[in-house]
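My questions will all concern the structure given below.
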Amino acid sequence: MTTTQNPLSYLHDQIEELKAKGLYSKLHVLDGEQKPVATFDGREVINLSSNNYLGLTTNKALKRAAIDAVRKYGAGAGAVRTIAGTMTLHMELEEQIAKFKGTEACVVFQSGFTANAGTVSAILGKEDLIISDELNHASIIDGCRLSRATIKVFKHKDVEDCERICKETENWPGHKLLITDGVFSMDGDIAPLAKLCDLAEKYNCIMMIDDAHSSGVLGKNGRGTVDHAGVHRRVHIQVGTLSKAIGVMGGYVCGSRDLIDFLYRRARPFLFSTSHPPASAAACAAAFTLLDSAEGERLIKKMWSNTKFFKRQLKKRGFKFGTSETPIVPIHVGEAAKAFEFSKKLFEAGVYAPAVGFPTVAEGKARLRAIVTATHKRSDLERACEILAEVAKPLGII
């Protein structure tokens, strides 16, 4: 009897290689709610790892809306949107988001990733051109590849380099898309959106922005980068997420009625994935209602106040966090192995701030990414900075 060799054995070898390089990390398991001080793997830590900018994951209004929706509509939608899975809740949520973002229409996707990837791959083809910032999110990159369009990448936030590509491709025979993150998730800096809109108009490009880390963070009541930059009606496609500041799950695309009608019929993630369960749709709706209220304003102000405090405390202790303009605070380390060691020792000391290395960021640019929320207490943020400094010094990070 012959022994069959495991054709996936190479994966084990690659995992062992990651472990040998100090780049292997396990999943930390959250026990309880996503809070600023939370319990992971049985250890209580100051949580600097969550995208829960406004603390809405545990907000009473969202939890109440979710429970009421389950009682009224059940646990699941039971089908994809185009067959039997479109509920009143879904249509009302899309109308609410469109109004909030100041656009004609909106479509909700199962995740922010599928919103980006599904939209770009649906509206463009192999005859078309995409002009993309080099630090755009992986979901944008994957959508660009799936579209089979030609991809040209400009240097990060470099408007002159972007215009160089626009000039070189001015007579491109197909459609052209200029695409950028609004807030870049690994550095916390903001795109020069107004200047990119100028280029899109000058060179006849579709203008698209991924507002995942700016919805609920920037602009009036968290309306995002478009509002922050004052470029309403100049951005043709706005993508956002429902899983960060909104506190639930999913993604959305806002734009013209024609765009949304087209995505209803051609965006593959929308066509082939079961729709949001009632609890999620109702909780998202409650989040947007809260954002557009005095309570939403208060939470956003608190988040920004906490962010400024945290950055001052870090700077006082010798940390550098680059070009961050938002609650995303990258603590630069350099070597990936050292970044993972730093994160591990921090966790043991009572702070959870995950390390980020290649391929998420370029080799040699590993860092810890800390995110500040509205629900952090000043005392917890100050203590976190103290622990960061205590652990960083022996490692030669500060």
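First measure r as the distance between the Cβ atoms of residue 58 and residue 382, then evaluate 1/(1 + (r/R0)^6) with R0 = 25 Å and state the FRET efficiency to the nearest 0.05.
Working: r = 23 Å, r/R0 = 0.90.
Step by step, r from the Cβ atoms, then E = 0.65.
Peptides 79-85, 51-57: what's the order by average Cβ count within 10 Å, highest mean first?
Most protected by this proxy first, the peptides run 51-57, 79-85.
Starting from 0.36 nm per residue, how many nanometres of slack lie between residue 92 and residue 360 once their C-alpha separation is accounted for? Don't jump to the answer; show the numbers that get you there.
Details: separation 268, 0.36 × 268 = 96.48 nm, distance 3.57 nm.
Using 0.36 nm per residue and subtracting the Cα-Cα distance, I get 92.9 nm.
Work out the FRET efficiency for residue 345 and residue 71 from their Cβ-Cβ distance, taking R0 = 35 Å, and round it to the nearest 0.05.
Numbers: r = 46 Å, r/R0 = 1.32.
That gives a FRET efficiency of 0.15.
If you don't mind, another one. Which log10 I(q)/I(0) values, to two decimals, does the stretch 165-223 give at q = 0.20, 0.23 Å⁻¹ under the Debye formula with one point per Cα?
-0.77, -0.91
Here is a further query. Using helices alone, I'd like the mean residue ellipticity at 222 nm for the chain: each DSSP H run of four-plus residues gives -39500 (n - 2.57), total over residue count, nearest 500.
Details: 14 runs with 170 residues, N = 398.
Dividing the helical sum by the residues of the chain leaves -13500 deg cm²/dmol.
Tally Lys/Arg at +1 and Asp/Glu at -1 over every other residue whose Cβ is under 14 Å from the Cβ of residue 214; what's the total?
On the way: positive: 101, 220, 223, 244; negative: 181, 187, 189, 210, 211, 227, 325.
Neighbourhood net charge equals -3.
For the stretch 347-386, go through all pairs of different Cα atoms, get the mean of 1/r, take its inverse, and jot down that Kirkwood value in Å.
Details: mean 1/r = 0.0851 Å⁻¹.
In the stretch 347-386 this quantity evaluates to 11.8 Å.
How big is the convex hull of the Cα atoms of the stretch 1-49, per residue, in Å³? Walk me through the numbers on the way to the answer.
Working: hull volume 7.1 nm³, N = 49.
Spread over its residues, the Cα hull of the stretch 1-49 gives 144 Å³ apiece.
OK, next. I'd like the trypsin sites (Lys or Arg not before Pro) in the stretch 347-398 restricted to DSSP loop residues with at most 12 other Cβ atoms within 10 Å, sorted by number.
On the way: sites: 365, 367, 369, 377, 378, 383; in loops: 365, 377.
Those satisfying the criteria are 377.
Can you work out the FRET efficiency for the pair residue 44 and residue 337, with r the C-beta to C-beta distance and R0 = 35 Å, to the nearest 0.05? Don't skip to the answer; put the middle values down first.
Working: r = 27 Å, r/R0 = 0.77.
Efficiency, rounded to the nearest 0.05: 0.80.
Evaluate the distance, in nm, between pseudo-label points positioned 7 Å from the Cα of residue 168 and of residue 315 along their respective Cα→Cβ axes.
Those two pseudo-labels are separated by 3.8 nm.
Same structure again: Going by the alpha-carbon gyration tensor, a ≥ b ≥ c the square roots of its eigenvalues, is the stretch 116-243 rounded (a/c under 1.5) or, if a/c is not under 1.5, prolate (a/b greater than b/c) versus oblate? Numbers along the way, then the final one.
Values: a/c = 1.72, a/b = 1.38, b/c = 1.24.
Prolate, because a/c is 1.5 or more and a/b exceeds b/c.
Sequence neighbours fewer than 8 away in the same chain don't count; with that in mind, list the lysines whose C-alpha is under 20 Å from residue 316.
308, 377, 393
About its Cα centre, how strong a charge dipole does the chain have in debye, to the nearest 20, once Lys and Arg get +1 and Asp and Glu get -1 at the Cβ? Each step should come with its number before you reach the end.
Details: 53 positive and 45 negative charges, 187 e Å.
For the chain, the charge dipole is close to 900 debye.
Kirkwood hydrodynamic radius, the stretch 245-398, all distinct C-alpha pairs: what's the number in Å? Present the calculation step by step, with values, prior to reporting the outcome.
Values: mean 1/r = 0.0547 Å⁻¹.
About 18.3 Å, per the Kirkwood formula over Cα pairs.
When ligands, DNA and RNA are left out and all protein chains stay put, how many square angstrom of accessible area per residue does the chain have with a 1.4 Å probe? The partial results should precede the final answer.
Working: 18780 Å² over 398 residues.
Spelled out: the 1.4 Å probe surface of the chain, per residue, equals 47 Å².
When only DSSP loop residues count, what trypsin sites (Lys or Arg not before Pro) in the stretch 88-129 have their Cβ near at most 12 other Cβ atoms within 10 Å? Please list the in-between numbers first.
Numbers: sites: 99, 101, 126; in loops: 126.
The qualifying sites are 126.
Under a cut-off of 12 Å between alpha-carbon atoms, report the aspartates and glutamates in cross-link reach of residue 26, not counting same-chain residues fewer than 8 places apart.
Once the sequence-local aspartates and glutamates are set aside, what remains near residue 26 is 41.
Also: Near residue 167, which lysines are there with a Cα under 26 Å away, not counting those fewer than 8 places off in the same chain?
126, 152, 155, 157, 176, 195, 202
Continuing with the same structure: By its C-alpha gyration tensor, with a ≥ b ≥ c as the square roots of the eigenvalues, how is the stretch 123-178 shaped: rounded for a/c under 1.5, else prolate for a/b larger than b/c, else oblate? Could you put the intermediate results ahead of the total?
On the way: a/c = 2.89, a/b = 1.08, b/c = 2.68.
Because a/c hits 1.5 or more and a/b fails to exceed b/c, the stretch 123-178 counts as oblate.
Using a probe of 1.4 angstrom, how much of the accessible area of the stretch 20-116 is carbon and sulfur, in percent? Before the final figure, lay out each step's value.
Values: 2680 of 5060 Å².
It is 53 percent, rounded to a whole number.
Report, largest value first, the span of the C-alpha coordinates of the stretch 1-112 along each principal axis, in whole Å.
Computed over the stretch 1-112, the largest-to-smallest principal extents equal 59, 44, 32 Å.
Same structure again: Tell me the Kirkwood hydrodynamic radius of the stretch 218-328 in angstroms, computed as one over the mean inverse distance between distinct C-alpha pairs.
Working: mean 1/r = 0.0604 Å⁻¹.
With all distinct Cα pairs of the stretch 218-328 included, I get 16.6 Å.
Right, another one. Percent of alpha carbon pairs in the chain separated by more than 26 Å?
In whole percent, the long-distance tail amounts to 56.
Continuing with the same structure: Testing the spin-label approximation: label points 7 Å from Cα along Cα→Cβ at residue 258 and residue 6. State their distance in nm.
5.5 nm
What are the trypsin sites (Lys or Arg not before Pro) within the stretch 208-239 that DSSP puts in a loop, where the Cβ has at most 16 other Cβ atoms within 10 Å? Mind dumping the intermediate values first?
Working: sites: 220, 223, 233, 234; in loops: 223, 233, 234.
Sparse-neighbourhood loop trypsin sites (Lys or Arg not before Pro): 233, 234.
Can you find, among 336, 93, 347, the residue farthest towards the positive end of the dipole of the chain? Put +1 on the C-beta of Lys and Arg, -1 on that of Asp and Glu.
Checked the options; the winner is 347.
Okay, next question. Which semi-axes, in whole Å and largest first, does the equivalent ellipsoid of the stretch 80-168 have when worked out from the alpha carbon gyration tensor as the square roots of 5 times its eigenvalues?
Taking √(5λ) for each Cα gyration eigenvalue gives 31, 16, 11 Å.
Here is a follow-up. By the gyration tensor of its Cα atoms, with a ≥ b ≥ c the square roots of the eigenvalues, what is the shape of the stretch 229-292: rounded for a/c under 1.5, prolate for a/b over b/c, or oblate?
On the way: a/c = 2.30, a/b = 1.07, b/c = 2.14.
It comes out oblate by the Cα gyration axes.
The values are calculated or read from the model by the stated rules, or taken from the named source; none is laboratory data. Being a predicted model, the structure only gives us computed values, none of them experimental. Cβ: placed from backbone, ideal geometry, glycine included. Neighbour counts: every protein chain shown. What goes into the accessible areas is simple: the full protein's heavy atoms, side chains included, and nothing from ligands, DNA or RNA. Shrake-Rupley method; radii C 1.70, N 1.55, O 1.52, S 1.80 Å.
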